[in-house]
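Some notes on the structure that comes next.
The values are calculated or read from the model by the stated rules, or taken from the named source; none is laboratory data. It should be emphasised that the depicted structure is a prediction, and the values quoted were computed from it without experimental measurement. As a convention, Cβ positions derive from the backbone with ideal geometry for all residues, glycine included, and neighbour counts pool all protein chains shown. Just so you know, the surface numbers come from the protein's heavy atoms only, side chains and all, with ligands and any DNA or RNA stripped out. Shrake-Rupley method; radii C 1.70, N 1.55, O 1.52, S 1.80 Å.
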Amino acid sequence: MTTPADAAQPTDASSLRASSLRASLLRASLLPDEDLVGQILMPSAPMSADPRSVAAIIDEFHLAGVALAGDVQDTRAGGGAAQVRSLTDALQAAAPAPGGRRMPLLIATDQEYGWVTRIRDGVVQLPSAMAFGAAGRPELTRAAWAAAGGDLAAVGINVNLAPCADVVTEPGNTIIGSRSFGSRPDAVAAQVAAAVAGLQSAGVAATLKHFPGHGSTTVDSHRALPVLEQSRQDLESSDLVPFRAGIGAGARLVMSGHLDVRSIDPGVPASFSRTLLVDVLRGGLGFGGVVVSDALDMAPARQWSPGEAAVRAVLAGNDLLLMPASLALARDALLGALRSGRLGRPRLVESVARILALRLEAAGHARPDLVTVDSPHARDAASAVAAASITVLSGPCAGPLVSWPVRVTATASREAQAAALAEELVAAGLPVAAAGGSRVHLVGFGDSARDLVPGAAVTVSLDTPYLLAEADSPVRVATYSSSRVAVRALAAVIAGTAAATGRSPVPVAGLPDSACAP
């Protein structure tokens, strides 16, 4: 039950943010042009970068923050978590103080979990978003993302470019795929809201992406401009539903997508459309936080020069420009537009005020100690989701799924998961053979029908479950994720020591969403 005190909390938080924004508007209005322009630029840097070189760029361009890119896994510098913390500590120590006041840099990364995961060593590894959708339990989602947020905060990440709020409706959509919570707008909305609440409870700002929704396309927006053919009514009843929920949950950022929304602003990428970013996102959905562009080095943005793309992105309503194709050219063009009057100073002050408010909010969160990362509590939260997500789409629902012994095989890209599954089965005291026996075959991201094994006793999809429609195995199982916790949960279901309670959050041709879940 919601008590009066509970009901007051969001209002109090909103009031504090409004007060912070008013103060930030005044502060931004006093900044020199170079500081104003620098605050809205967010280039990327490798997590393995020399902190001194990154700090020099931050100082030269008066930046508000940086996006850390590239996977960190089992590094020689003491592990991913320690390496990232060392880098973020160094960058924060070198952060410039716009207007004479020190405040934290915004240090962002894409930690979606599943196959878009930047930090893979030393922090808790959650299952993919689609696994959360299959589990269908928002309370588990909030707990897991809160635990993961605590780990991100401990390594110095204060902005996560996640979660995806895309409603995936196209089986051929491999650019989103298991990054989405599913195909049912209301169910995706519940998961998005829970992930936002969990992440931000740990002091890490959440980013909803890719507005207004990348799930109905089959084109990769890194390489070309996808087209959304939905009517405005269909967008409102489907794609925009999770964004509305995430905004309602308090998401601090929304990422604009490089998407051609034909029913609203045909031919113009949403990331460059004032109609979509101002009229729809701010006016229609009531978003008052930071709008961050998708990377400006992607193909749809490269139809213009780096400088022109930066100016157009700000004029369209983006506050923070992610990964300009050239930082120097973007800076120079923005300064030129500001001084010529093409870009009004009040427009730029408005964006910088939102960014400064976000930085001030980050200052209010204490950074956890590094020893807190990947705790038993966090691993338990991830395991609970994985266990609830395993879905049997065909086959028995009680007892072992196959006769023993078993032989585990996989495509070349999933050999590590095959070895892990064999280890988990052996640890459970079950016989695993190198040859013969009942074959359990694993497929995953990037695999196709030619990677299936005819006659396998069990076919398991470690990514989206669509490929299971083409398998001839009597038992077909989906985990939606290749993480170790997903493999461990899979082993328990195969052994018959755990029930498969998940339901596929996307339709699979010819198969139910579950052969077992009530």
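Some observations on this one:
- Residues in region 296-309 that are in contact (Cβ under 8 Å) with a residue 60 or more places away in the chain and buried (at least 16 other Cβ atoms within 10 Å of the Cβ): MET298, PRO300.
- Qualifying residue in region 411-419 (condition: within 14 Å of PRO400 (Cα to Cα) and surrounded by 13 or more Cβ atoms within 10 Å (Cβ to Cβ)): no
- The condition (being touching a residue at least 12 places away in the same chain (Cβ under 8 Å), open to solvent by 30 Å² or more (accessible area, probe 1.4 Å), of a type outside the set (A, V, I, L, M) and closer than 26 Å to ARG232 by Cα) is satisfied by just one residue among ARG274, ARG354, ARG345: ARG274.
- Matching residues in region 426-481 - criterion: being touching a Phe, Trp or Tyr at 6+ places or on another chain (Cβ under 8 Å) and at positive phi: GLY437
- Which numbered condition ASP463 fails, given (1) within 26 Å of GLY114 (Cβ to Cβ); (2) open to solvent by 60 Å² or more (accessible area, probe 1.4 Å): (2)
- Of all residues in region 18-53, those satisfying the criterion of being over 22 Å from ALA333 (Cβ atoms), modelled with pLDDT of 90 or more and charged (D, E, K, R) are ASP50, ARG52.
- Residue within region 172-181 that is open to solvent by 30 Å² or more (accessible area, probe 1.4 Å) and either farther than 17 Å from PRO138 by Cβ or among the β-branched types (Val, Ile, Thr) (or both) present: yes
- From the list VAL371, VAL406, the lone residue that is among the aliphatic types (A, V, I, L, M) and free of Cβ contacts under 8 Å to residues at least 60 places away in the same chain is VAL371.
- Filter result for SER483 (touching a strand residue (DSSP E or B) at 6+ places or on another chain (Cβ under 8 Å) and closer than 30 Å to ILE119 by Cα): yes
- Of the residues making up region 479-501, those that are assigned to a loop (DSSP other than H, G, I, E, B) and touching an Asp or Glu at 6+ places or on another chain (Cβ under 9 Å) are THR479, TYR480, SER481, SER482.
- Test: SER256 is farther than 30 Å from VAL155 by Cα and open to solvent by less than 40 Å² (accessible area, probe 1.4 Å): no
- Scanning region 174-220 for residues that are of a type in the set (S, T, N, Q), at pLDDT 95 or above, in a loop (DSSP other than H, G, I, E, B) and farther than 10 Å from CYS164 by Cα turns up just one, SER183.
- Among the residues of region 229-250, just one is part of a loop (DSSP other than H, G, I, E, B), among the polar types (S, T, N, Q) and in contact (Cβ under 8 Å) with a residue 40 or more places away in the chain, namely SER238.
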